[in-house]
């Protein structure tokens, strides 16, 4: 609800107070703009996800002035793929990733946004756009710019007439937490016939387990049963959260702004959760958008938005290619196991240390290994 103490004029009005919206608010405050954020929820806001941040995501948070305390997270050194008895892993080329509960991340970001001077309106419903700003019931907040950061099913995107897309696919994800010590220093991705299972360490005695598939009926218990090694480790362990589900969408929009309204995060298009890059992408978009506000040029945001999404979209396509045919995936896994430096190169490209052009050399090496297996 909006009290009379709240200022009803702002430079930037952000609709959506999740991590993407808070990142937009923090970045805009770094540029000196007055910022208001509105969200119907009460913090901390949760969302089912794998809860792993890659090193590039941690770097993006640091650019926003946020450092994750060690007591709120758990480090992992790299990524491990497992498929039908074959496993391969690699360490990140620099730094660690961290596992962190989504609620803890949201608390950190909301506290930082408030400390930076953003006006946070929780339990506040935005009812529409107005020629001079946004509508909060019968009130109008005058705003120079409006940021739609209200997620994959964005109402702002519909209100602004930006809902036209050139690509849209979706899969289904379910997540739960378990009281168990992490058994590896990596975030694990287990490949199965019907789904992928992600295991992320988030504390010294807790892990996050998430399953993603194209089957909306596949729940977490059935997915875990496809992976006997993981099922054995979780048997009898305390479940520290209820199972929650979400949709993982791949969406590319034709346009991400119109006049004063601009989209950010999942509202502006998204990559499949298999990459783990959704948050990092939103943080980078927020920093870019604040620079475009400072320059008074949203057309630059449109062009750079596409370039920011290029690497995550490429990685999503590559990884989803392994989903479709089990025999092909197994041969690729064997090729990675034979020449682990190729897997390390893919991971380096994934986190932005190597450019996408490096894929050509990695692909040739993997292709040669496939021929000789």
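Taken together, the values in this text are just the output of simple stated rules run on the coordinates, not laboratory data. These numbers come from a predicted model, not from an experiment. Cβ sites come from the backbone with ideal geometry, for glycine too, and all protein chains shown count toward neighbours.
Stretching residue 194 away from residue 140 to a fully extended chain increases their span by 14.6 nm, per 0.36 nm per residue minus the current alpha-carbon distance.
Rounded to the nearest 10 degrees, the inclination of helix 298-324 to the longest alpha-carbon principal axis of the chain is 30 degrees. The slack in the chain from residue 103 to residue 238, taken as 0.36 nm per residue of separation less the alpha-carbon distance, amounts to 46.7 nm. When 206, 111, 235 are sorted by how many other C-beta atoms sit within 10 angstrom of their C-beta, beginning with the fewest, the order is 235, 111, 206.
For the pair the stretch 135-203 / the stretch 284-310, the C-alpha centres are spaced 20 Å from each other.
Calculated over the stretch 169-247, the projected area of the Cα convex hull averaged across directions stands at 5.0 nm². For the chain, modelled as a GNM whose springs connect Cα atoms under 10 angstrom apart, the maximal fluctuation among 335, 360, 173 occurs at 360.
Angle of helix 19-30 to the longest C-alpha principal axis of the chain, folded into 0 to 90 degrees and rounded to 10: 50°. Counting neighbouring Cβ atoms within 10 Å and putting the fewest first, the residues 221, 150, 11 line up as 221, 11, 150.
For the stretch 324-372, what class follows from the C-alpha gyration tensor (a ≥ b ≥ c being the square roots of its eigenvalues): rounded when a/c is under 1.5, otherwise prolate if a/b is larger than b/c, else oblate? Prolate. Using a Gaussian network model of the chain in which every pair of alpha carbons under 10 angstrom is joined by a spring, one finds that among 311, 331, 233 the greatest mean-square fluctuation is at 233. Axis of helix 358-372 versus longest Cα principal axis of the chain: the two differ by about 20°, to the nearest ten degrees.
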